[in-house]
Structures are given as structure tokens and as C-alpha cells.
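A.B. asks: Mind looking over this structure? Questions follow.
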Amino acid sequence: MKKRIGVMMAALLAITTVMAGCSSSGTTAGGQQQGQEQTAPKAEGEKPAVEQKIVYALSQEPEQMDPTLNVYARSSIVLQNLFRGLYKIDESGKKPVPALAEGYELDSTGTKYTFKLKPNAKWSDGKPVTAGDFEYSWKRVLNPDVASGAAFYLYYLKNGKAYNEKKAKAEDVGVKALDDTTLEVTLENPTPYFLELLCVTAYYPVRKDVAEKEGWTKSPETYLTTGPFMLSELRPKEKYVLKKNPNYVDADKVKLDTLEIVFIESTEAELAAYTNGEIQVSDNISPEGMKQYQNTPDFYSIPRIGMQYYDFNASKKPFDDARVRKAFSMAINREQIIKNIVQSVEKPAFGMVPYGIPDGVQKDKEYRDVAGNLFSENVDEAKKLLADAGYPDGQGMPEVTMIVQANQTAKDVAQALQSMWKQNLGVNVNIQTFESKVYWDEIDNGNFNIADDGWTGDYPDPMTNLDIFESVNTSDDMRWSSAEYDRLLEENRKISDQAKRMENFVKAEKILVDEMPLMPLRFFEDQFLAKPNVKGVLKNYIGHTIFEYAHVE
């Protein structure tokens, strides 16, 4: 569950986010100018053509460079520029279109897809991408011995979940290479958003002869890609240099020669680097940066289907009691945190499905508007719940530790929550900070009471924001499960009755509200800066920054 926005807090800081998956809205820096042709070389004596290079900043290195293992938001940004799968998000950021595939045929059951690969689909070393590469990669994601955190993405495949749970064999999984260019995919149930799922990094291919070598992601020499760029230089904690991939299927449309990704942890340092022209694109916007650039041509902002929340460790006192979890969630002021700490225009979260996802029945309305707020803030009720749990005014409360990542906004929000819980509940909360890679280990090991987290969905259906709270996905963080919650979502995977599906989603959300294994804080909106002469930078609805269509004027 680390693809969540606990990571994005570090990667995007004060930000809010974009819509998720492969079929929502997106935006590009420079609008229609992204389609202009690169200027031809000038004649002698004239001004030379501008260098097609963009320097882009991330707050830290990507946590995972193997797409079949990736569940991290920051890593996805890098991987989405290095790899392509069967489908990709189009230049508008709104829909999935063929990438390495020419297209597909779908049988009458709506469960069997036959994909044909493009004849020029190649790895960055020039060797052909084969259907067998996809079969190997998808089964690798599901292989229980590999233990990929991204396995749940492929549960849509026939026997995908069963194989991952050691209840079926690899050959039973619904993916098969019929020949080098033909891939047959069989799903458990009809899935209208399957093409959107194919845009997720877990569905990208890795090559067996490379992926089974230890450390293959640590060197440009062994790191093979299928996307618009390939890894040219890797300097840990400093920068990754990406070069145009001449073997990419759409290489003739890629205008950038170099994408340099530098790592700048401090928002103040990143703002200075952007202002001084050392970087051309910035995601990590500080409150000062917002004030400086919000009303300029450099600034872009769009919604995204994601949410910041906090995990409660339900296996440890006092959060093994749902009344305590609900008390903590009801005793804070979300609007105050968003306005004064994050300094954004995001909406407070009083449910688990964000805005930006259409309702399945009232398609002209959003699911969140139809379902409405499912709980509210109420300090008096929170105090009563805490007293009923045996902790009146916080008395007798065991030590509570909240962990967050070591960036300023995360720490500022944590301190605001700490103050609210002290004032409203009489509870003392300790705050510990960790660097990103260590942070997720702390969560996996259960070394917390409360942990900063987040998630951005991958397709325009409530399932994308609710399946992460199924038992299979909560064992390594909240240590909470609900058989009824699992049943409702499993039923929704098998039915096409949208009225029933929406009803089940609301019931599932209400279980989360009644049990409160997580504390929703805010729904995301994504903001970034791009120099006026940088055109075509795409922010898709998942929040990925894509440079395939970018160029410098």
C-alpha cells in the first residue's frame, strides 16, 4: 500500500494531487503548443536550436526501480518515463491508447482479450519485446515466492489471486503467449476498466534474462526499458539521467534528448533551484513557492483521485479499540490543516472515495457527491468515545507514537494533529520522523501507533480506492480486516449491476467509517511548476509527471 500519498507527501510536499489510473483528466504545460515540431537547426550565423533537455526535481530517490515490484508513487513517476506496457495514457491524459500493442480483440464473454504486439516493439538494447515477456512478467508479479506488493493489481487475471495465495499453479493464470507477438489474457470477470489497469507499472514487462540477475536495477548497463527514455546515468542521492530511447515504438515523436531527474529534499532549496533556472519543472512546491508562482504562467493545478490518510495500528493498544480510532478521527479540524498548514484548496475527506470518480448510476454526478459525507468532526462525541473506551480525558492512555516522513510539510501537519489531540482529547502523542525507505520498513514491522499514508487510484471506479483496504492489503500496515468488507468488494468484481455495485461500495465505506482503521484527512489536487518555454509536460490523473510529449522552445 505504499504507492499511497505518504510517499507523495515527500515527493510533492505541500501539494495535492491528480486523478488516478489511466482514464481521467490530465493537463500539459503549454497546452496545444506541446504538438509543435522541434525547431530545425539554424543556418550559420543564426541562433542555434535550443538544447532538448529538461531538469526535473524529486524530493528523494525512487524507492523501487523494478516495475513488477513497484507500489510507490514517486517510483511510478520515474518508471512511467522509462517503461511502456500494452497500453499507455494518451497525450491528453484522459484515456488509454495502444503503446506496445497494436490493439486487442475481446470475446463475447467480455473476459478473454487477445493482444497483438507492434512489430517494432523493442527493448532499449534493440531486441524484440515478445508476448512471452509479458507472460513472464505478470506471473512474476503474482509469484508468491517473489512476494510483490503489487500482486493485487493482477488479481483480475483468471486464477491470479489463487496463484498468489498458493492455491493454483503458474500455468493456471490467465495470461499466455500464443506466439512471439500474440498474448491471450483471460480475466476472472468482465472488467470495464481493464485497459486502464494496463497503464499501471505492475503490468509493464521486464525481461527474464535481465530481471533474474541480482542488482539489475542498479546499473544503466543492465537496466533495460521499453519506454520513451532509458537510464543513462545513476548517481544515488544526487540524480538519474535519462536519455531518449531510440528503440521506443514512438521514438520519432519524442522530442527530448535528455531528462535529468535531480533529488532535492528541501522545498526551500527546490524553490531556489527553480527560480535560478537550475531546474525547469518542480513538483515540490512550498507555501512560499505557492505565493510566488500561483498567479503566473508557470503554475498548474488539477485534481487527482487520491487521498492522504493516517493508518491506525489496530494490533496495538490503544488503537485495538475502534472507539479510540474514531475519537482520534473526529477530534481534528481538517479544514484548518488544509488551509493553514498545507495551504491548498483541497477538500477535507469525510469518506474514502475521492472526488473525480463518476457515480455508476447517476453518471453526470460524482460518486462522492451521491454518497455524501459518511462522518463528521465532533469533539464532544470524540471525548465520549474515548471515555467509553476507558480513557477519560486521555487518562490511562498508553504511549502513542505517530511516525511521518522527514519532510517539512509532513512534520508540520503532524505537529498540528498532535496539538489538536492534546487540546481536544488530553492525549500526548510523540512524533518520530524517518527517511522514506526506512519509513516503510517501520510500517511493515508494525513500529507505530499512527502512520502517515496515502493512495492514488488507477482507474475511474470506486474500487480503485477501496480495494487497498481489503484484508490482503492491510496486513502490513493497519493490521485490520473485515470479512464483510472483503465480501462486498469481491461481489462487486463479479456483478455488472451498477446500482448494486454503488450500494455495496457505500456499505463498504460505512464499515470503514464504523471501524475507522484509518483516518482520512484530505482529497488531493496536484500542483506543479514548469518554465514558460517548457511545453507538453503531462500530469495524468494518477499524478505521474510524464515527459514523453515534452519539449523546450
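A.B. asks: Determine which member of the set Asn465, Asn492 is touching a strand residue (DSSP E or B) at 6+ places or on another chain (Cβ under 8 Å) and either aromatic (Phe, Trp, Tyr) or assigned by TED's automatic domain parsing to the domain that holds Ser315 (or both). So that I can check it myself, show each step before the final result.
C.D. replies: On the way: Asn492 fails: touching a strand residue (DSSP E or B) at 6+ places or on another chain (Cβ under 8 Å).
One residue alone meets the criteria, Asn465.
A.B. asks: Among the residues of the stretch 536-547, are any closer than 30 Å to Asp298 by Cα and polar (S, T, N, Q)? Spell out the reasoning first.
C.D. replies: Quick first cut of the stretch 536-547, residues closer than 30 Å to Asp298 by Cα only: 536-547.
Filter once more, so that each one left must be polar (S, T, N, Q): 540, 545.
Checked against the condition, which is being closer than 30 Å to Asp298 by Cα and polar (S, T, N, Q), the stretch 536-547 yields at least one hit.
Residue-by-condition table, conditions (1) within 30 Å of Glu335 (Cβ to Cβ); (2) crowded, with 16+ Cβ neighbours inside 10 Å:
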residue	(1), (2)
Val400	yes, yes
Ile403	yes, yes
Thr409	yes, yes
Leu417	yes, yes
Glu435	no, no
Glu442	yes, no
Trp455	yes, yes
Glu491	no, no
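A.B. asks: Please pick out the residue among Val71, Val97, Val78, Val55 that is without any contact (Cβ under 8 Å) to a residue 60 or more places away in the chain and either touching an Asp or Glu at 6+ places or on another chain (Cβ under 6 Å) or among the aliphatic types (A, V, I, L, M) (or both).
C.D. replies: Working: Val71 fails: without any contact (Cβ under 8 Å) to a residue 60 or more places away in the chain; Val78 fails: without any contact (Cβ under 8 Å) to a residue 60 or more places away in the chain; Val55 fails: without any contact (Cβ under 8 Å) to a residue 60 or more places away in the chain.
Exactly one residue qualifies, and that residue is Val97.
A.B. asks: So which of Ile341, Ile337 is closer than 17 Å to Gln408 by Cα, touching a strand residue (DSSP E or B) at 6+ places or on another chain (Cβ under 9 Å) and part of a helix (DSSP H, G or I)? Steps first, please.
C.D. replies: On the way: Ile341 fails: touching a strand residue (DSSP E or B) at 6+ places or on another chain (Cβ under 9 Å).
That would be Ile337, the only listed residue that is closer than 17 Å to Gln408 by Cα, touching a strand residue (DSSP E or B) at 6+ places or on another chain (Cβ under 9 Å) and part of a helix (DSSP H, G or I).
A.B. asks: Can you name the residue in the stretch 416-445 that is of a type in the set (Gly, Ala, Ser) and in a helix (DSSP H, G or I) and is also nearest to Asp477 (Cα to Cα) among such residues?
C.D. replies: Taking the stretch 416-445 as the starting set, the residues that turn out to be of a type in the set (Gly, Ala, Ser) are 416, 419, 426, 436.
Going one step further and asking which of them are in a helix (DSSP H, G or I), we end up with 416, 419, 436.
Details: Ala416: 23, Ser419: 24, Ser436: 15 Å.
That would be Ser436.
A.B. asks: Name the residues in the stretch 170-197 that are under 21 Å from Asn540 (Cα atoms) and in a loop (DSSP other than H, G, I, E, B), would you?
C.D. replies: Going residue by residue through the stretch 170-197, those that are under 21 Å from Asn540 (Cα atoms) are 192-197.
The answer is Pro192, Tyr193.
A.B. asks: Working only within the stretch 50-61, note down all residues that are more than 18 Å from the chain's Cα centre (by Cα), assigned to a strand (DSSP E or B) and not basic (Lys, Arg). Full working, then the answer.
C.D. replies: Initially, the stretch 50-61 is screened for residues more than 18 Å from the chain's Cα centre (by Cα), giving 50-56.
Subsequent filtering for residues that are assigned to a strand (DSSP E or B) retains 53-56.
Selection gives Ile54, Val55, Tyr56.
A.B. asks: While we're here: Any residue that is closer than 30 Å to Met463 by Cα, over 26 Å from the mean Cα position of the chain (by Cα) and part of a helix (DSSP H, G or I) - is there at least one of those in the stretch 387-408?
C.D. replies: There is no residue in the stretch 387-408 that is closer than 30 Å to Met463 by Cα, over 26 Å from the mean Cα position of the chain (by Cα) and part of a helix (DSSP H, G or I).
Let's see how each residue does on (1) assigned to a helix (DSSP H, G or I); (2) farther than 19 Å from Tyr459 by Cβ:
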site	(1), (2)
Asn504	yes, no
Ile511	yes, yes
Met519	no, yes
Arg522	no, yes
Gln527	no, yes
Pro532	no, yes
Tyr549	no, yes
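A.B. asks: Checking the structure you have, find out if any residue of the stretch 255-266 is without any contact (Cβ under 8 Å) to a residue 60 or more places away in the chain and among the basic types (Lys, Arg).
C.D. replies: Taking the stretch 255-266 first, the residues without any contact (Cβ under 8 Å) to a residue 60 or more places away in the chain are none.
No; the residues of the stretch 255-266 include none that is without any contact (Cβ under 8 Å) to a residue 60 or more places away in the chain and among the basic types (Lys, Arg).
A.B. asks: A follow-up question, please. Among the residues of the stretch 286-306, which ones are assigned to a strand (DSSP E or B), buried (at least 23 other Cβ atoms within 10 Å of the Cβ) and touching a helix residue (DSSP H, G or I) at 6+ places or on another chain (Cβ under 7 Å)?
C.D. replies: Within the stretch 286-306, Ile305, Gly306 meet the criteria.
A.B. asks: Another question, then. So for the stretch 471-479 (the condition being of a type in the set (Asp, Glu), closer than 30 Å to Lys53 by Cα and surrounded by 22 or more Cβ atoms within 10 Å (Cβ to Cβ)), does at least one residue qualify? I'd like the intermediate steps shown before the answer.
C.D. replies: If we filter the stretch 471-479 for residues that are of a type in the set (Asp, Glu), which is where we start, we get 476-477.
Now narrow it down to the ones that are closer than 30 Å to Lys53 by Cα: none.
Scanning the stretch 471-479 turns up no residue that is of a type in the set (Asp, Glu), closer than 30 Å to Lys53 by Cα and surrounded by 22 or more Cβ atoms within 10 Å (Cβ to Cβ).
A.B. asks: State yes or no: is Gly543 assigned to a loop (DSSP other than H, G, I, E, B) and surrounded by 20 or more Cβ atoms within 10 Å (Cβ to Cβ)? Spell out the reasoning first.
C.D. replies: Details: assigned to a loop (DSSP other than H, G, I, E, B): yes; surrounded by 20 or more Cβ atoms within 10 Å (Cβ to Cβ): yes.
Yes, satisfied.
A.B. asks: While we're here: Name every residue in the stretch 158-176 that is in contact with a strand residue (DSSP E or B) (Cβ under 6 Å, 6 or more places away or on another chain) and either under 15 Å from Val472 (Cβ atoms) or surrounded by 17 or more Cβ atoms within 10 Å (Cβ to Cβ) (or both), in order of residue number.
C.D. replies: The initial filter retains those residues of the stretch 158-176 that are in contact with a strand residue (DSSP E or B) (Cβ under 6 Å, 6 or more places away or on another chain), namely 158, 173-176.
Selection gives Lys158, Val173, Gly174, Val175.
A.B. asks: Report yes if Ser148 is touching a strand residue (DSSP E or B) at 6+ places or on another chain (Cβ under 8 Å) and more than 23 Å from Tyr104 (Cα to Cα), otherwise no. Explain how you work it out, then say what you get.
C.D. replies: Details: touching a strand residue (DSSP E or B) at 6+ places or on another chain (Cβ under 8 Å): no; more than 23 Å from Tyr104 (Cα to Cα): yes.
No.
A.B. asks: Then there is this: On the given criteria, is Asp359 out of contact with any His (no Cβ under 6 Å at 6 or more places or on another chain), modelled with pLDDT of 95 or more and acidic (Asp, Glu)? If you could, list the steps in order and put the result at the bottom.
C.D. replies: Working: out of contact with any His (no Cβ under 6 Å at 6 or more places or on another chain): yes; modelled with pLDDT of 95 or more: no; acidic (Asp, Glu): yes.
When the stated conditions are applied, Asp359 does not pass them.
A.B. asks: Determine whether Ala508 is more than 18 Å from Ala349 (Cα to Cα) and either surrounded by 23 or more Cβ atoms within 10 Å (Cβ to Cβ) or in contact with a Leu (Cβ under 7 Å, 6 or more places away or on another chain) (or both). Please lay out each step first, then the result.
C.D. replies: On the way: more than 18 Å from Ala349 (Cα to Cα): no; either surrounded by 23 or more Cβ atoms within 10 Å (Cβ to Cβ) or in contact with a Leu (Cβ under 7 Å, 6 or more places away or on another chain) (or both): yes.
In short, no.
A.B. asks: Picking from Glu553, Glu509, which residue would you name as being under 30 Å from Asn81 (Cα atoms), touching a Pro at 6+ places or on another chain (Cβ under 9 Å) and not assigned by TED's automatic domain parsing to the domain that holds Thr191? Step through it out loud before you land on a result.
C.D. replies: Details: Glu509 fails: under 30 Å from Asn81 (Cα atoms).
When all the criteria are applied, what remains is Glu553.
A.B. asks: Moving on to the next point. Do we find a residue being over 19 Å from Gly227 (Cα atoms), touching a residue at least 40 places away in the same chain (Cβ under 8 Å) and in the same structural domain as Gly215 (by TED's automatic domain parsing) anywhere in the stretch 129-141? Spell out how you get there, then give the answer.
C.D. replies: Applying the first criterion (over 19 Å from Gly227 (Cα atoms)) to the stretch 129-141 yields 139-141.
Keeping just the survivors that are touching a residue at least 40 places away in the same chain (Cβ under 8 Å) gives 140-141.
Next, only the ones that are in the same structural domain as Gly215 (by TED's automatic domain parsing) stay: 140-141.
Among the residues of the stretch 129-141, at least one is over 19 Å from Gly227 (Cα atoms), touching a residue at least 40 places away in the same chain (Cβ under 8 Å) and in the same structural domain as Gly215 (by TED's automatic domain parsing), which makes the answer yes.
A.B. asks: Continuing with the same structure: With respect to Gln418, determine if the residue is farther than 19 Å from Ile338 by Cα and either aromatic (Phe, Trp, Tyr) or at pLDDT 95 or above (or both). Give the steps one after another, and end with the answer.
C.D. replies: Working: farther than 19 Å from Ile338 by Cα: no; either aromatic (Phe, Trp, Tyr) or at pLDDT 95 or above (or both): yes.
Considered against the rule, which asks whether it is farther than 19 Å from Ile338 by Cα and either aromatic (Phe, Trp, Tyr) or at pLDDT 95 or above (or both), Gln418 comes out as no.
The values are calculated or read from the model by the stated rules, or taken from the named source; none is laboratory data. Keep in mind that this is a model prediction, so the values were computed, not measured. Backbone-built Cβ (ideal geometry, glycine too); neighbour counts: all protein chains shown.
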